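The values are calculated or read from the model by the stated rules, or taken from the named source; none is laboratory data. Quantities reported herein were computed from a predicted structural model and do not represent experimental measurements. Glycine also receives a Cβ, built like all others from the backbone with ideal geometry; neighbour counts cover every protein chain displayed. When the accessible area is computed, the model is the full protein with side chains, heavy atoms only, and any ligands, DNA or RNA have been set aside. Shrake-Rupley method; radii C 1.70, N 1.55, O 1.52, S 1.80 Å.
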Amino acid sequence: MLLQQLYLNNEKTMSDLRIEDGKIVEIAQSIAPREGETVERFGGKLALPPFIESHVHLDACLTVGDPAFNLSGTLFEGISLWSRRKEKLTKQDVRERVLRAAQMLCRNGVQYVRTHVDVTDPKLTAMEALLELRQELRDRIEIQIVAFPQEGILSYPNGKQLMTDAVAMGADAVGAIPHFEFTREYSVESLNFAVALAEKYGRLVDVHCDEIDDEASRGLETLAARAYESGLKSRVTASHTTAMHSYNNAYVVRLMRLLTMSEINFVSNPLVNTHLQGRMDTYPKRRGVTRVKELTEAGLNVSFGHDDIRDPWYPMGTGSMRDVVFLGLHVCQMMGYEEIQNSYRFICDNAARTLCLPEGSYGLRPGNEANLVILDAKDWYDALSLNAPVLRSIRKGAVIARTTPARYETL
Ligand code: FE2
């Protein structure tokens, strides 16, 4: 298959790209078609490696309103509603919802997903379902599973054992939720436990870290120190870190040294945290999103996640990573021209680093798997601002999703 006239990787000149046996075999300014070869000419459209959803909760997706809508809009009401919904979980229920969400993600050009799966459930129902779906969906979406203790490791009955069981069953990463543990001591112990478990089983770490407006929530420094000392470093991710929004600057300057040494990744979820955070404020209300601009400028790796798709924490969402980046740039005040043009990296290259995708497996380069998306725009600036549809999502050389752009008439 020969794809012609594409702006690859948001570059300013067009290239052609040849795919054979599911791999990219050639990229050049102009490639002549071979006899009988399928040729598609795009006339100047943007092609990127596939979008990566680096933080979502597929086990809870599409449950909004059941058993009730979250009226306070807080994380804590969300956790309490989910705790009630969790009692009704069956594998079939999880399967049906995840398959619907997978369709949504697929048509939005997402081919890699890191999902947190709640393991504070004595039956580990969602974990079992997601492990099966990881296998079943692998030709369309590569799924990484985080064993996520939604109600705490030390603060939930048998929490350590449930975490260990989930990891032994095949979770790819170990989670934690230090800001939800009963005490500061539990919070520190939960992080020590999570890092030790990851070391023992050779897994990644992704912690819901300080998702609270409390400037005294300091799980991040503990996580970064353990990442540094254990040598796990870039295999560790701190998700949310919204308390960092409220830390005093003197503390952040000191913290930055450790963060840089630790080489950990950050995932920010701007859609959900602008909605959940600042709920105890009157006015002015804090935005509640971590310091994406400062972390990026310091050379730390930051990716963006959707976090929730129509669930007890967030009532909206279509699985579009464009919406995440669009709001993220606004709320983080990253609207300079170059910042906008480069922002696809939050859901592409940076997210690939967060997921620790193996070298050579991701990116538009000869020799790599032919995984890419083609957007109805000439560059990322236009794609983002005009909400351009994903014309094609191609995985291992096969078109797995196709969109025909809407035609508008003004009468
Ligand atoms: Fe989350």
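A few comments on the model shown:
- Under 5 Å, built H, 5+ apart or other chain: amide partners of His55: Arg114, His306, Asp307
- Note, ³J(HN,Hα) from phi for the range 96-110, Karplus 6.51, -1.76, 1.60, rounded to Hz, x at Gly and Pro: 4, 6, 5, 5, 5, 5, 4, 4, 4, 5, 4, 6, 9, x, 8
- Nearest-ten-degree value, helix 321-331 long axis tilted from longest Cα axis of the chain: 60 degrees
- For Ser155, the residues whose amide H sits under 5 Å from its own are Phe182, ignoring neighbours fewer than 5 places away on the same chain, with H placed 1.01 Å from N.
- Here's the picture: charge each Lys and Arg Cβ at +1 and each Asp and Glu Cβ at -1 in the range 1-144, and of Gln29, Leu89, Ser54 the one pushed furthest to the positive end of that dipole is Leu89.
- With both residues required to sit in the chain, DSSP beta bridges show an antiparallel share near 40%.
- Gyration tensor verdict on the range 178-239 (Cα atoms; rounded if a/c is under 1.5, prolate if a/b is larger than b/c, oblate otherwise): prolate
- Share, in percent, of DSSP beta bridges within the range 42-168 that are antiparallel, nearest 5: 0 percent
- The residue among Thr183, Leu17, Thr296 whose Cα reaches farthest toward the positive pole of the charge dipole of the chain, with charges on the beta-carbon of Lys, Arg, Asp and Glu, is Leu17.
- In the chain, a dipole from Cβ-located charges (positive for Lys and Arg, negative for Asp and Glu) runs towards its positive end, and of Leu223, Ala401, Ile347 it is Ala401 whose Cα lies farthest in that direction.
- When the Cα gyration tensor is reduced to axis lengths a ≥ b ≥ c, the ratio a/c is 1.5 or higher for the range 294-363, and with a/b not above b/c it is classed as oblate.
- Mean Cα-pair separation over length for the chain, i.e. relative contact order, pairs under 8 Å, 6 or more apart, %: 20 percent
- The fraction of accessible area contributed by carbon and sulfur in the range 255-334 is 56 percent, rounded to a whole number (1.4 Å probe; ligands and nucleic acids excluded).
- Computed with every protein chain present, the accessible area of His57 is close to 10 Å² [probe 1.4 Å].
- Taking every DSSP helix (H) stretch of at least 4 residues in the chain, weighting each as -39,500 (n - 2.57) and dividing the sum by the residue count yields a mean residue ellipticity at 222 nm of -10000 deg cm²/dmol.
- Residues Arg287, Arg41 ordered from highest to lowest accessible area at a 1.4 Å probe: Arg41, Arg287.
- Near the amide H of Leu8, within less than 5 Å, lie the amide hydrogens of Ser15, Ala47, all on another chain or at least 5 residues away, with H placed in the peptide plane.
- Angle between the chain longest axis and helix 159-169 axis [Cα atoms, degrees, rounded to 10]: 30 degrees
- Average accessible surface for the range 184-303: 42 Å² per residue, computed with a 1.4 Å probe over protein heavy atoms with every protein chain in place.
- Taking the Cα centre of the range 235-357 as reference, the dipole from Cβ charges on Lys and Arg (+1) and Asp and Glu (-1) amounts to some 280 debye.
- Gyration tensor (alpha-carbon) shape descriptor, the chain, a/c threshold 1.5: prolate
- For the range 275-320 and the range 1-15, distance of Cα centres in Å: 33 Å
- 3J(HN,Hα) couplings calculated from phi for the range 131-146 with the Karplus curve 6.51 cos²θ - 1.76 cosθ + 1.60 (θ = phi - 60°) are, in sequence order, 5, 5, 5, 4, 6, 5, 9, 5, 6, 10, 9, 8, 10, 9, 10, 9 Hz; Gly and Pro show x.
- Note on the chain: with charges restricted to the Cβ of Lys and Arg (+1) and Asp and Glu (-1), its dipole about the Cα centre is near 340 debye.
- Relative to the longest principal axis of the Cα atoms of the chain, helix 184-201 runs at roughly 50 degrees.
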